[in-house]
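Before any comments, here is the structure.
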Amino acid sequence: MGHNAQLSREGHNQGDGLNMGKNIRKLSQISGPSLAPPLGGRPGINAMVEALLGLKNGFYAFESALHVFPAGEGLGTTGVQEWNSRSLWRHSYGKLVDGMFFFAEDIFGGQFCVKDGAIYGFDPETADVTLIGQDLEEWAQAVLDDYDLQTGYSIAQEWQLQNGPLSPSDRLMPKIPFVLGGAFDISNLVAIERARGMRTRGNLATQIHDLPDGSQIRFDIVD
């Protein structure tokens with residue numbers, strides 16, 4: 001993942017460092033309906049994410065492959081404040097998620113987060129992060145330019161054609177983790193409640209973090 005491009009600053013909010021330009025607006029426009037009522041005063045939300053949710057308070061796009069968490073609860077999905085609480089799943093990663101504010105996810109539960117003022121992709125199996133853009137406008141352009149890579153759209157579409165629409169509470173998780181050689185194929189994917197999937201892979205990530213290749217690990221789906 002990763003796409004850095006020179007972008008216009010159309011729609012830049014002077015004075016607050018936030019860039020709500022044409023790419024963010026286009027992504028918001030082509031997505032599904034808002035997942036929660038319009039954003040009001042919501043404490044505990046990263047400022048960039050708050051600006052994004054001010055355009056549309058959470059949404060799905062690309063046949064549910066991209067999920068942006070709303071502020072507050074809405075339509076069977078988790079609110080962004082709860083999603084970032086330590087008790088839900090972050091505790092499974094320990095210090096590996098320090099300094100990150102998670103605001104969206106791809107079909108596999110791969111996370112998008114704000115870290116050090118920029119936007120990163122977070123691999124739930126390894127806790128590795130990849131810079132996507134310096135702000136949400138660059139993140140939106142990366143998604144629009146290659147939504148298949150950034151969201152897993154093709155696999156999401158294929159899996160749902162065979163198995164039916166994915167529940168709003170679920171993501172697709174590999175039966176054999178990708179980092180352990182699992183195939184990027186629908187035969188290796190199972191629907192799992194998103195927080196449970198993150199707790200499971202947090203257990204995996206903490207085992208393999210900084211381990212040399214060939215080390216023995218244990219992988220179980222955990223509650």
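The values are calculated or read from the model by the stated rules, or taken from the named source; none is laboratory data. Please read all numbers here as calculations on a predicted model, not as lab measurements. Cβ placement follows ideal geometry from the backbone for every residue including glycine, while neighbour counts extend to all protein chains displayed.
The range 21-130 holds strands (runs of 3 or more DSSP E) entirely within its bounds, and those carrying 1 or more residues that are among the aromatic types (Phe, Trp, Tyr) and either surrounded by fewer than 22 Cβ atoms within 10 Å (Cβ to Cβ) or touching a Lys or Arg at 6+ places or on another chain (Cβ under 9 Å) (or both) map to 59-61, 100-105, 118-122. Here the range 186-214 is the region considered, the condition is being among the charged types (D, E, K, R) and touching a residue at least 24 places away in the same chain (Cβ under 8 Å), and the residue that is nearest to TRP89 (Cα to Cα) is ARG199. The residues listed here are THR151, THR206, THR130; of these, the one that is at pLDDT below 95, closer than 28 Å to GLU82 by Cα, β-branched (Val, Ile, Thr) and within 20 Å of the chain's Cα centre (by Cα) is THR206.
When SER31, SER87, SER64 are checked against the criterion of being among the small types (Gly, Ala, Ser), out of contact with any helix residue (DSSP H, G or I) (no Cβ under 9 Å at 6 or more places or on another chain), at pLDDT 90 or above and more than 20 Å from VAL97 (Cβ to Cβ), a single residue qualifies: SER31.
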